[in-house]
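Only one structure is covered here, and it is reproduced in the block below.
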Amino acid sequence: NCRVVFNTYSRPHFPIINDEDLTGLANEVIKDELGEGFVTRANPSMGSDSFAVYTAQWPGLYLMLGIRNEELGSGAALHSTMFDLDEEALKNGVAVSYNVIHTLIIQSRNLIPSYLAKFNENHLQTKT
């Protein structure tokens with residue numbers, strides 16, 4: 001006696017679109033923190049992530065943290081039984097995340113009004 005219910009995901013799904021201002025800020029912070037060679041543009045992906053729901057409402061930034069290090073033998077595909085990562089990448093990710101947030105807080109007097117305007121514009125568009 002069991003019942004199976006399939007969720008067909010009838011609600012719309014959103015693409016993850018990085019905020020241009022946050023992307024520019026992150027690019028500068030990453031270059032300052034790690035050097036010029038650490039920023040590359042990722043190819044578009046058909047993967048999905050619930051983070052898109054946030055970026056549909058608020059300016060957001062989705063970064064991909066490079067974890068491959070062929071010298072260590074790390075970098076198998078995500079969700080693989082062989083998945084491993086170069087743990088140095090985690091240190092870089094924490095340093096960059098902290099510095100982006102710290103810089104954003106320092107600059108917030110200038111940025112918050114524009115983000116609130118973007119939120120109001122996005123929020124009104126999704127309700128109509």
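Proximity of backbone amide H atoms, modeled 1.01 Å from N, is registered between Gly60 and Asp19 at under 5 Å, excluding neighbours fewer than 5 places apart on the same chain.
Hand me the chymotrypsin sites (Phe, Trp or Tyr not before Pro) from the range 1-81 located in a DSSP loop with no more than 16 other Cβ atoms within 10 Å, in residue order please. Don't jump to the answer; show the numbers that get you there.
Numbers: sites: Phe6, Tyr9, Phe38, Phe51, Tyr54, Tyr62; in loops: Phe6, Tyr9, Tyr62.
In loop regions of the range 1-81 (DSSP not H, G, I, E or B), the sparsely surrounded chymotrypsin sites (Phe, Trp or Tyr not before Pro) are Phe6, Tyr9, Tyr62.
The label-point distance for Leu34 and Met46, in a model that sets each label 7 Å from Cα toward Cβ, rounds to 2.8 nm.
Skip the ligands, DNA and RNA, and give the accessible area per residue of the range 1-93 with a 1.4 Å probe, whole Å².
On the way: 8010 Å² over 93 residues.
The answer is 86 Å² per residue.
Shown here for the range 14-122: GluC sites (Glu not before Pro) in loop regions (DSSP other than H, G, I, E, B) with at most 13 other Cβ atoms within 10 Å, namely Glu70, Glu71, Glu87.
Every Cα-Cα pair in the range 1-100 was counted, and those over 17 Å apart are 65% of them.
For an R0 of 25 angstrom, estimate the FRET efficiency from the Cβ-Cβ distance between His13 and Lys118 and round to the nearest 0.05. Present the calculation step by step, with values, prior to reporting the outcome.
Working: r = 21 Å, r/R0 = 0.83.
For His13 and Lys118, the calculated efficiency is 0.75.
Amide H to amide H distances under 5 Å link Ser74 with Asn69, where only residues 5 or more positions off or on other chains count and H is placed in the peptide plane.
Other residues lying with their Cβ under 14 Å from the Cβ of Ala42 contribute a combined charge of +1, Lys and Arg counting +1, Asp and Glu -1. Extension gain for the segment Ser108 to His79, taken as residue separation times 0.36 nm less the Cα-Cα distance, is 6.7 nm to one decimal.
The values are calculated or read from the model by the stated rules, or taken from the named source; none is laboratory data. Keep in mind it's a predicted model, so treat the numbers as computed, not measured. All Cβ positions, glycine included, derive from the backbone under ideal geometry; neighbour counts span all protein chains shown. Remember, those area values only see protein heavy atoms, side chains included, never the ligands or the DNA or RNA. Shrake-Rupley method; radii C 1.70, N 1.55, O 1.52, S 1.80 Å.
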